[in-house]
Amino acid sequence: MIVYEKNYDVIVVGAGHAGCEAALAAARMGAATLFLTINLDAIALMSCNPAIGGLAKGHLVKEIDALGGEMGRNIDATGIQFRVLNTKKGPAVRASRAQADKQQYRLRMKYVLEQQDRLDLKQVEVTGLYLEDDAVAGVDTKGGVRYLGKTVVLTTGTFMRGLIHIGLVHYPGGRAGDLPSIGLSDHLAECGFEVGRLKTGTPARLDGRTIDFHRLEPQYGDENPIPFSFSNERIDQPQVPCHIAYTNQKSHEIIRSGLDRSPLYAGIIEGIGPRYCPSIEDKVVRFPDKDRHQTFIEPEGRDTVEVYPSGMSTSLPIDIQWAFYRSIEGLERVEIMRPAYAIEYDYVNPIQLHASLETKVLRNLYHAGQINGTSGYEEAAAQGLMAGINAALRVRGNEPLVLGRSEAYIGVMIDDLVTLGTKEPYRMFTSRAEYRLLLREDNADLRLREKGYAIGLLPDELWHSFLQKRDLINERLEFLGKERLTPSAAGEDLLRDWDLTGMQNAISYEQLLRRPEFTCQDLARIYPDIMNLPESVRDQLEIQIKYKGYIDRQLEQVERAAKLEDTKIPADIDFTSISGLSTEIQEKLARFRPDTLGQASRIPGVTPAGITMLSIAMKARGVK
Amino acid sequence: MYVRDTIAAISTPIGEGGIGIVRISGPDALPVAQQIFRTKSGGGLKSHRFCYGVISDSATGDVVDEGMTVYMKGPNSYTREDVVEIQSHGGTLVVSRVLDLVLAAGVRLAQPGEFTKRAFLNGRIDLVQAEAIMDVISSRTDASLALAQHQREGLLSQKIGKVRDGVLHALAFIEAVIDFPEEDIDVAIEADVMGRIAPAIDDLKTLVEGFDEGRVLRDGVSVVIAGKPNVGKSSLLNTLLKEKRAIVTSVPGTTRDLIEEVVNIEGLPVRLLDTAGIRESDDHVEQEGVRLTLERIPRADLVLFVVDGSASFTSEDESILQAIGTKCFLVVKSKADLPGTCVLPGALEGKAVSLSTHDGTGVAELRKAIHHTFVHGHATDSREYVAVSKARHRDALVRALAALESFRLNLEAGVNHELLPIDLRDALEALGSVTGETTTDDVLDLIFSSFCIGK
């Protein structure tokens, strides 16, 4: 093995959405960082759908951005259609989504990485970890070179023992057109990691020239596209539409006729796939009564004819794919440019991770993205960011940054992963967050900017513009609470228009805004300057005032849970020696090795009585 | 490590006789005790002095029992906090009622072993003692788990399970609409969701009423004896009463009035109601009796469905079974001393007790079965938890009901979708505290099995 001359602080393995955020975060925080990938032309590649965001995922992107990550700015720069979903269901479940120009997205991210100081990019295949004692100290590569690093972040995506299936044909691959990573997962298993197998799939890419778009229903972006990033004011580039098409009974018959050659139904695929993202054959089999299934035909970019039919992933043989896609109205003469396929890959059980994403098995090793059993660009990026941050903090000798379930979707996701593990590829949903009303897209900066600045990730200029916004919000909130409308000053007309006829006492502006249909626009009649405030500030005033009751209720719940969440369990505690715990609970705790009492309380099978006994035992140790 | 709130629990095993002690510990122990306990002398409670007095419901003024109370000012007490122990007469119902009054005054029900935990944390006992007690807590926890397991199979759990299922479906509908706006999900929030919640509210109301300990204490539980004429209903009543009260002849329809008697079954006051034989009849008086019977079944806590064990199961029996509907019931196969056997429809056999009022076969078994229906679990060790968990269950069901009512109001008021799940999750959490189930994964499971989702 040739040992490379430099000794890095952080080595990031993998150049997907997790790897990019990890490398940028580490380098921006001052760590000498090495970024390794099998293919430098596939950095930040969108292997599946050409879109960022959506419910809960948009929330993740805003959080990444608030902390100082890159994903939000990258999609703002390369998006080709922007929409806000759920506008009528309330601010907490409002979410941003954008179609991306796939190639532009990847090229811009590569450029940002290349411009970053302290960051070296290299094309190599990592085959194993280099260990010193029970800590990682570098990586070994296929080319026989050893790179030394104080910490390593593994973001292997679908590459470890990747196996591509198209019908009964299957071959090793990390993604269509890329080689798999062979040997690394065996090496991890030897180190003591529990390696499992998952499956995911992607639809065919179709030739847009062979689709009759005028027969499909177009879906346009929002008239006033809103950027993801808190540091961007607006989106200037023109937007392109998607189109909606539907399968029909004939499509379903074609699919059924191919089931005997489906690797899924023939039992060839052993990995577990996501239920929220089933293949079209899965949908047809599991919901036989549904007479059609919807697909959004999404453009892959401005400079290409390739399109992505969402929801139409399949691992059926290519002849069935030809017939099936052509059975859809408007797609009768469609040509497939790249076939749909399923892919199986290795992942590592995430219960072997601390909440910092450092592994419990090997010190200084961090895992992020699909290796932890998740799915989705945003989930991967969020973990990559946290892994990069925590690797850099470790190098500095600082405590890790762990976000709580009440602070961020990132916190919910990581806590779910490390305390519950996952049996299928894990995707974020807003329903996973018990404090959903607190974790809104609109307040991600208020929740997280300060943390990003404190660790040295967020640059000064962004911090200062945030402080201005925060001060303005607080100052105006105070103003609205103090300023009052008196019956005499209001006059008859206003009282009647606002349904206040007969009002005796003065009413504060805050009380007015608390009414469900009353907006800042309404308040402008008596306080015109409010419309001069930035829209994001007005939004905060409305939301924070209208939802105060609900927000306070959730904050109380957070407060009550805080004692458990904040109580750390000593790393060297021997759970099996705790008298009074049932054997089952002892075994559960010994297996999961929770970091806090809060984590312990969420492990399935650990009872409140068990937590009480654990806390007594910890207290006893303290007494001793 | 712990919040210094005030906790209470029954600290004696509950039997049919002797005394029962409710222990209260924490800053509010004294004021709460003085709210429900009035000394005979009229003076206040003094530390470390036994006082005789009356326990009453401060809201209604009803006297519950008389007894002794001792106040131990901290730190000279077991937990080193202010502690009050109220001693009443023993027996499940009285002691539970006293505990209810304490809880109603805003005191939290103690977790198993919580007094000991406080004693330890406040330095009252040392580590060795604490560890010894932790073993006890553990074995008690196992007992309570065994009890929970037992209840899970029981009737209460079935009913709560049904309510929970309805709420879970409603929640899954709403969450699906929120989390998957781009899927063509076909849910009419008002109709589909209220279609699940309205029956859940009705079921919960019935359950809460059934749990009303006060009503049980005043009136006992109500058991209706029903069956076609001349299957031995009155003989059964007399056997349970151990004396002849109702007229017993072999002429069908002899019992024409409703006969109601109170009887003590294993310490449980039971109101037994014998009814006229249910069948089509021309006799007006008898018809009236039949009407009354059918009317009483829905209000009964338990129906004893008597069938003639020496004859076959007839369509008349079948129609009575229909009238019982979803009511909790036991099947009594009478006349076990006579030849001939009644073959019951499959599912009924498990609920059946064969009995002869002539030779006494099966009577003890029936008494046990009746008791068991109301008081889950028999083991001496788990008795405390029976009472405690009953108070806990009622509290949980009331919370669940309040949450669902609030949900209904919010839905009608048209609040944002994002706010709707809050009440449903509160309701599920309350129900889950009885059944020990959590929800997040269940909701996702339901979403994925109910809707075709996938982009």
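Descriptive notes on the structure:
- Area of A:M613 that stays accessible when all protein chains are in place (1.4 Å probe, Å², to 10): 10
- Percent accessible area from carbon and sulfur atoms, chain A, protein chains only, probe 1.4 Å: 48
- Other protein chain C-beta atoms within 10 Å of residue C-beta, averaged over A:303-313: 1.
- For region A:5-48, the solvent-accessible area of protein heavy atoms averages 23 Å² per residue (probe radius 1.4 Å; ligands and nucleic acids excluded).
- Förster radius 45 Å - calculated FRET efficiency between A:D566 and B:T60, Cβ distance, rounded to 0.05: 0.55
- A cut-off of 5 Å between modelled amide H atoms, ignoring neighbours fewer than 5 places along the same chain, links B:I19 with B:G90.
- Relative contact order (%) - chain A, alpha-carbon pairs under 8 angstrom, separation at least six: 17
- A probe of 1.4 angstrom, applied to the heavy atoms of all protein chains, finds B:H89 with accessible area near 100 square angstrom.
- Modelled spin-label separation between A:K122 and B:T39, with each label point placed 7 Å from Cα along the Cα-to-Cβ direction: 8.5 nm.
- Inter-chain shielding of A:86-92 (mean C-beta neighbours from other protein chains, 10 Å cut-off): 5
- Listed peptides A:340-352, B:338-350, A:317-329 by packing density, highest first (mean Cβ within 10 Å): A:340-352, A:317-329, B:338-350
- Förster-model FRET efficiency, 56 Å R0, A:R363 and B:A402, C-beta, rounded to 0.05: 0.65
- Cα gyration tensor shape of chain A, rounded if a/c is under 1.5, else prolate or oblate by comparing a/b with b/c: oblate
- Using a probe of 1.4 Å on the protein chains alone, the accessible area found for B:S234 is around 10 Å².
- Probe 1.4 Å, accessible area per residue of region B:7-125, Å²: 41
- Gained length - A:E399 relative to A:I268, 0.36 nm times residue gap less alpha-carbon distance: 42.6 nm
- When the residues A:D186, B:D5, A:D236 are ordered by accessible surface, computed with a 1.4 Å probe over the protein chains alone, the sequence from largest down reads A:D236, A:D186, B:D5.
- The distance between label points at B:D445 and B:R108 comes to 3.0 nm (points 7 Å beyond Cα on the Cα→Cβ vector).
- If you sort the three axes of the alpha carbon gyration tensor as a ≥ b ≥ c, you get a/c of 1.5 or more for the protein assembly as shown and a/b above b/c, which makes it prolate.
- At R0 = 60 Å, FRET efficiency that the Cβ-Cβ distance of A:D460 and A:R525 yields, to 0.05: 0.90
- Modelled label positions at B:I189 and B:S47, each set 7 Å beyond Cα in the direction of Cβ, lie 5.7 nm from each other.
- In summary, the aspartates and glutamates within cross-link reach of A:K199, defined as a Cα separation below 12 angstrom excluding same-chain residues under 8 places away, comprise A:E270, A:E344, A:D346, A:E424.
- Apolar share of the accessible surface for region B:7-125: 51 percent from carbon plus sulfur atoms, 1.4 Å probe.
- The accessible-area ordering, largest first, of the residues B:E182, B:E318 stands as B:E318, B:E182, per a 1.4 angstrom probe.
- In plain terms, the chain from A:S577 to A:K290 could stretch by 97.8 nm, reckoned as 0.36 nm per residue minus the Cα-Cα distance.
- Think of the protein assembly as shown as a dipole: +1 on every Lys or Arg Cβ, -1 on every Asp or Glu Cβ, centred on the Cα centre; then among B:I370, A:Q540, B:L204, B:I370 lies furthest on the positive end.
- Short-range pairs are left out: with C-alpha atoms under 8 Å and at least six residues apart, the relative contact order of region B:7-125 is 31 percent.
- Take the accessible area of chain A alone and of chain B alone, subtract that of the pair, and you get about 4300 Å² summed over both chains, using a 1.4 Å probe.
- Interface residues, region B:104-124 - accessible area loss of 40 Å² or more versus chain alone, probe 1.4 Å: B:K117, B:F120
- Residue (of A:Y8, B:L304, B:V193) at the positive-pole extreme of the protein assembly as shown, dipole from beta-carbon charges: A:Y8
- Per-residue average of Cβ from other chains inside 10 Å of A:424-430: 3
The values are calculated or read from the model by the stated rules, or taken from the named source; none is laboratory data. Keep in mind that what you see is a predicted model, and the values were worked out from it rather than measured. Every residue, glycine as well, gets a Cβ built from its backbone with ideal geometry; the counts of neighbours run over all protein chains shown. Just so you know, the surface numbers come from the protein's heavy atoms only, side chains and all, with ligands and any DNA or RNA stripped out. Shrake-Rupley method; radii C 1.70, N 1.55, O 1.52, S 1.80 Å.
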